[in-house]
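To keep things clear, I will list the structure first and then write my remarks on it.
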Amino acid sequence: MSEKKDITILAIESSCDETAAAVVRNGRHVMSDIISSQVPVHVKYGGVVPEIASRKHIEAITGCVDGALKEAGVTLKDLDGVAVTYGPGLVGALLVGVGFAKSLAFAADLPLVGVHHIDGHISANYIEDETLKPPFVCLVASGGHSNLVYVRDYGVYDILGQTRDDAAGEAFDKVSRALGLGYPGGPAVDRAAREGDPDAYEFPRAKIPDASYDFSFSGLKSAVLNLINHAKMSGEELRVANIAASFEKAVVDVLVEHTVRAADETGAKIVSIAGGVAANTRLRECMGKACSERGLKYVHPSLRLCTDNAAMIGAAGYYRFIAGARSGLDLNAEPNLPLGDRERRFHGNMGKTREGAQ
């Protein structure tokens, strides 16, 4: 009986402001992971400028792919497929990665696999913990997304909850800007909060009666901004660290409560987190404590795997590849690509139609 062949995937990620390429073997072993960050470019604008991001992706993508292949010690002939993020994200940024991946797959006669960006974030946990297998509950929190997901199988998801307005990371960015802490907001608020009192201010925690797993952070953000504006208008001292810590606690309390309750109600024995906000110190600690108290296994990616990267796309791409997923050369960027029902509906007939192969 012959041994199972290793599957080596070249992955490309360009959904926002990180140009990334990686080579991943069997969905778990990262042979290389190259990231070209645009943070120094966008920091002076206080956020990502889509047109600039697209141009920077064009400038960086060839070098990232070449670097990933070189670092992994492989050539195109050693690859089994090319995986690429095709949504959701900034349309111009996505188009750069999708266009490059399609061209490369065509020239090298390699299968192409389109990957959902959130599928990638969830799959970062497979890299972190090689023993991790579905089912489990995963909280995906980033600048553009706040999703609570029940992972039934590889690439098969039930969306339990999602944001109604501002995503958690978006709220961090806006509060950071208002406090003068700079961009990106998540790390800046995290640093400031360590020096503050999380109980200094009582900020609201939104509850949505008809969708108890959904998130809403716009009211919290407004409460913080109103406090800041009132302090400035009345000449009161602005205690930045205390505001940052109290805001952070309000966000984390909601994220943790929703997640562990979802684990209790679904019967899941494993809880994981993913996305840029998963790098937050308080979230990592509080989620770990809550899981420990309930006897749940807790998985969280290393800090590098929380932010956008191509290794996670390679992991997700591998599981789609072995399930038979193939994308045509008409694969297009889908900036508002949904996750959940669509993913499950097409899981069983991947490769039979272009839409079904996404």
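The values are calculated or read from the model by the stated rules, or taken from the named source; none is laboratory data. This structure is a prediction, so every number in the text was calculated from the model and none was measured. Neighbour counts run over all protein chains shown; Cβ positions are idealised from the backbone, glycine included.
Checked against the criterion of being within 30 Å of residue 66 (Cα to Cα), basic (Lys, Arg) and surrounded by fewer than 21 Cβ atoms within 10 Å (Cβ to Cβ), the candidates 294, 304, 320 yield just one match: 304. State which residue is surrounded by the most Cβ atoms within 10 Å (Cβ to Cβ) when the search covers only region 120-149 and only residues that are outside any strand (DSSP E or B) and in contact with a Leu (Cβ under 7 Å, 6 or more places away or on another chain). Among residues in region 120-149 that are outside any strand (DSSP E or B) and in contact with a Leu (Cβ under 7 Å, 6 or more places away or on another chain), the one surrounded by the most Cβ atoms within 10 Å (Cβ to Cβ) is 124. Select from region 55-65 the residues that are buried (at least 16 other Cβ atoms within 10 Å of the Cβ) and either modelled with pLDDT under 95 or out of contact with any Gly (no Cβ under 9 Å at 6 or more places or on another chain) (or both) and list them in ascending order. Result: 56, 58, 60, 64, 65.
Against the test of being assigned by TED's automatic domain parsing to the domain that holds residue 193 and under 15 Å from the mean Cα position of the chain (by Cα), the options 262, 274, 310 yield a single qualifying residue, 274.
Does residue 152 qualify as being assigned to a helix (DSSP H, G or I) and either assigned by TED's automatic domain parsing to the domain that holds residue 249 or among the hydrophobic types (A, V, I, L, M, F, W, C) (or both)? Considered against the rule, which asks whether it is assigned to a helix (DSSP H, G or I) and either assigned by TED's automatic domain parsing to the domain that holds residue 249 or among the hydrophobic types (A, V, I, L, M, F, W, C) (or both), residue 152 comes out as no. For residue 206, are the conditions met, namely being surrounded by fewer than 18 Cβ atoms within 10 Å (Cβ to Cβ), touching a Phe, Trp or Tyr at 6+ places or on another chain (Cβ under 9 Å) and hydrophobic (A, V, I, L, M, F, W, C)? Considered against the rule, which asks whether it is surrounded by fewer than 18 Cβ atoms within 10 Å (Cβ to Cβ), touching a Phe, Trp or Tyr at 6+ places or on another chain (Cβ under 9 Å) and hydrophobic (A, V, I, L, M, F, W, C), residue 206 comes out as yes. Among the residues in region 2-9, are any touching a residue at least 12 places away in the same chain (Cβ under 8 Å) and crowded, with 20+ Cβ neighbours inside 10 Å? Checked region 2-9: at least one residue is touching a residue at least 12 places away in the same chain (Cβ under 8 Å) and crowded, with 20+ Cβ neighbours inside 10 Å. Residues that are of a type outside the set (A, V, I, L, M), within 14 Å of the chain's Cα centre (by Cα) and at pLDDT 95 or above within region 127-158 comprise just one, 138. Screening residue 175 with (1) crowded, with 22+ Cβ neighbours inside 10 Å; (2) among the β-branched types (Val, Ile, Thr); (3) within 17 Å of the chain's Cα centre (by Cα) gives one miss only, at (3). Taken together, 231, 192, 200 contain a single residue that is buried (at least 18 other Cβ atoms within 10 Å of the Cβ) and either in contact (Cβ under 8 Å) with a residue 40 or more places away in the chain or over 16 Å from residue 167 (Cβ atoms) (or both), which is 192.
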